[in-house]
Amino acid sequence: MIGRLNHVAIAVPDLEAAAAQYENTLGAVVRPPQDEPDHGVTVVFIELPNTKIELLYPLGEDSPIKGFLEKNPAGGIHHLCYEVEDIRAASARLSAEGARVLGDGEPKIGAHGKPVLFLHPKDFNGCLIELEQV
Ligand code: CO
C-alpha cells in the first residue's frame, strides 16, 4: 500500500541555522521557509535526489512541535512521510487493522497542498507516520 518515502521531518531549535547547515555544509538544495498556520509550523523543504527533508519549527503558541522540542532540545526526527495513492482507502485499511489514525480520521491538507493523515507512533514502533496522497 505505501509507496515512496516522501520526506523525513526533523524538528529543529533554530530554523535559520539548520537551513544554512543543509545549504552550506551539506550542499543541498534548500527552499525558502513557509508558514503553515493550520499545522502550527514553519517548514523549510530540502530537495534531495530521492526524497525531501522537512525542517520543522514551531509557529504559534499551540504548535505541536513545541512539546517535542522541549523533550528534545537539540532537535530530532519528528516523522516519516510515505506516499499512498488513495488516502481514504489507506485510512480504512489501517483502522480495520487496529492502527490509530490521529485526529478525527479525516485527511487534512498538508504542507504540499495534498491530503495527509498521521498515524499513532505507539502503533508503529515509536515512529510518527504521515501518509500523503500523491
Ligand atoms: Co510531514
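The values are calculated or read from the model by the stated rules, or taken from the named source; none is laboratory data. All figures in this text were calculated on a predicted structure; none of them were measured in a lab. In this analysis, Cβ positions are derived from the backbone assuming ideal geometry, glycine residues included, and neighbour counts consider all displayed protein chains. These area figures cover heavy atoms from the full protein model, side chains too; ligands, DNA and RNA do not enter into them. Shrake-Rupley method; radii C 1.70, N 1.55, O 1.52, S 1.80 Å.
Structural remarks
- Ellipsoid fit via the Cα gyration tensor, region 15-134: semi-axes of 26, 17, 14 Å, each the root of five times an eigenvalue, largest first.
- Under 13 Å, Cβ to Cβ, from G40 - net charge with Lys/Arg +1 and Asp/Glu -1: -3
- Euclidean distance between Cα centres, region 1-34 to region 87-134, Å: 22
- Region 14-62 - Rg over Rh from alpha carbon coordinates, Kirkwood radius: 1.00
- Bins of 10 Å, starting at 0 and running to the largest distance - Cα pair percent for region 1-83: 19, 50, 27, 3
- Only DSSP H runs of four or more residues enter the estimate; each adds -39500 (n - 2.57), and after division by the residues of the chain the mean residue ellipticity at 222 nm equals -5000 deg cm²/dmol.
- Gain in span if fully extended, E47 to E61, counting 0.36 nm per residue against the direct Cα distance: 2.2 nm
- Of the trypsin sites (Lys or Arg not before Pro) found in region 1-107, those in coil by DSSP whose Cβ has at most 15 other Cβ atoms within 10 Å are R4, R100.
- A full extension of the chain between D86 and Q21 corresponds to an added length of 19.8 nm, given 0.36 nm per residue minus the alpha carbon distance.
- For region 52-134, carbon and sulfur atoms together expose 51% of the accessible surface, with a 1.4 angstrom probe and every protein chain in place.
- Accessible surface of D35 - all protein chains present, 1.4 Å probe, nearest 10 Å²: 100
- With the Kirkwood sum run over all distinct C-alpha pairs, region 72-134 has a hydrodynamic radius of 12.1 Å.
- Extension gain (nm, one decimal) between Q34 and V8, 0.36 nm per residue minus Cα-Cα: 7.7 nm
- With contacts taken as Cα pairs under 8 Å at a separation of at least 6 residues, region 1-59 carries a relative contact order of 39 percent.
- When restricted to Cα atoms, region 59-107 yields an Rg and a Dmax of 14.4, 37 Å, respectively.
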